[in-house]
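Remarks on the structure that follows.
The values are calculated or read from the model by the stated rules, or taken from the named source; none is laboratory data. Predicted model, so just to flag it, every value in this text is computed and none were measured. The accessibility values were calculated without ligands, DNA or RNA, using every heavy atom of the protein model including side chains. Shrake-Rupley method; radii C 1.70, N 1.55, O 1.52, S 1.80 Å.
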Amino acid sequence: MEEKTEEGFLKLSFDDINVARNLFGPRDENIKYLKKYFNIKASIRGNHLTIIGNKKDIESTNKVINELHGVVKKGFVINPSDIDHAVRYIAHTHNTIDELYKDQIYIFPSKKVITPKSKNQKAYIEAIKKHDMVIGIGPAGTGKTYLAMAMALSSFYKKEVSRIILTRPAVEAGEKLGYLPGTMYEKVNPYLRPLYDALYDMVDMDRASRLVEKGIIEIAPLAFMRGRTLNDAFVILDEAQNTASEQMKMFLTRLGFSSRTVITGDITQIDLPDKKTSGLVEVQGILKGIKGIKFVYFSEKDVVRHRLVQKIIKAYEAKRLELENKKHAER
């Protein structure tokens, strides 16, 4: 790639026309998307990109394009969400996004490659590789469950574990399970749907269904874990903020030999009755400092959904802090 710079002007020429096209995106959407972050004008002719703007915006745009160019050259397809993460990662860490691609998760049957999108996601993957128990806490949309599922499937296909167990509490939100129609499995299935969705996104439905039918992958409500010892398994407890104190203790003591556990949850979205203590909130103090257990915390900066989701989470957090400060002032 060649660069030609003048005051308020930058011209980039790419050696490989196919790499350039993949970098620019369909109908040059990726380059157009950069205008949301930087006050620039851009024009494209073949494999040449011209950027016009002030010095700071040109330098920032050039840095992001250089990083994305390196990713595209390795054969990856980028889209606007990758640009969001590239801009944030470079701005907040001053590192190269190449660092993120060193912690990819490879799902063997589907040949799917999953890459962390932020510094905390990278730390989360590294923690799961090194620790028997990892507890990921943070807002929705930060990839806590998705990455844990990817690591579970990767571990199974590497023969590091012989089964995968996915569980979450079935908290009654306004309706009593006993009054809902159907068998117990039909009643709790809506609570488990997000786990199925993550599974089907990584492995085709037929293959996933066979693994479930054979009992290699088990998806069940937390109550079904009582009295069991989970050996040689990768166990994921999702939505752990909705576990009561005694439920969390029950789950933690299920861990067997050659097993790994990932616990995920968002302590700002607790659906338990007011008088009950969240097991996920409590466990932060109880398990702190125990060797082999790692806590990873996410923030709105790690959200991998629409950009507005970050702003919404930040607004709610600001409101929560405002109410807390008001309560302290009234005491």
Assuming a ≥ b ≥ c are the square roots of the Cα gyration tensor eigenvalues, decide whether segment 273-331 counts as rounded (a/c under 1.5), prolate (otherwise, with a/b larger than b/c) or oblate. oblate
For helix 55-73, what angle does its Cα long axis make with the longest principal axis of the chain, in degrees from 0 to 90 and rounded to 10? 70 degrees
Given Lys122/Lys314; Lys11/Lys55; Lys117/Lys214; Lys249/Lys326, which pairs have Cα atoms separated by over 24 Å? Lys117/Lys214; Lys249/Lys326
In order through segment 138-147: 3J(HN,Hα) via Karplus (6.51 cos²θ - 1.76 cosθ + 1.60), integer Hz, x for Gly, Pro: x, x, 4, x, 9, x, 4, 6, 4, 5
Excluding ligands and nucleic acids, what accessible area in Å² is computed for Arg226 using a 1.4 Å probe, to the nearest 10? 150 Å²
For the chain, what proportion of DSSP beta bridges, expressed in % and rounded to the nearest 5, is antiparallel? 45 percent
Ordering Phe9, Phe234 from largest to smallest accessible area (1.4 angstrom probe), what's the sequence? Phe9, Phe234
For the chain, averaging the sequence separation of alpha carbon pairs under 8 Å that lie six or more residues apart and dividing by its residue count, the contact order in percent is 17 percent
Under the rule of at least 5 residues apart or a separate chain, name every residue whose amide H is placed under 5 Å from the amide H of Val235. Ile165, Arg260, Thr261, Val262
Can you list the HN-Hα couplings for segment 221-233, worked out from phi with the Karplus curve (6.51, -1.76, 1.60; θ = phi - 60°), rounded to whole Hz and with x for Gly and Pro? x, 4, 4, 6, 8, 4, x, 9, 10, 9, 8, 6, 9
I'd like the Karplus ³J(HN,Hα) series for segment 239-247: coefficients 6.51, -1.76, 1.60, θ = phi - 60°, whole numbers in Hz, and an x wherever there's a Gly or Pro. 6, 5, 5, 9, 8, 6, 3, 5, 5
For the chain (alpha-carbon point model, no solvent) the Debye-based log₁₀ I(q)/I(0) at q = 0.07, 0.08, 0.16 Å⁻¹ works out to -0.36, -0.47, -1.33
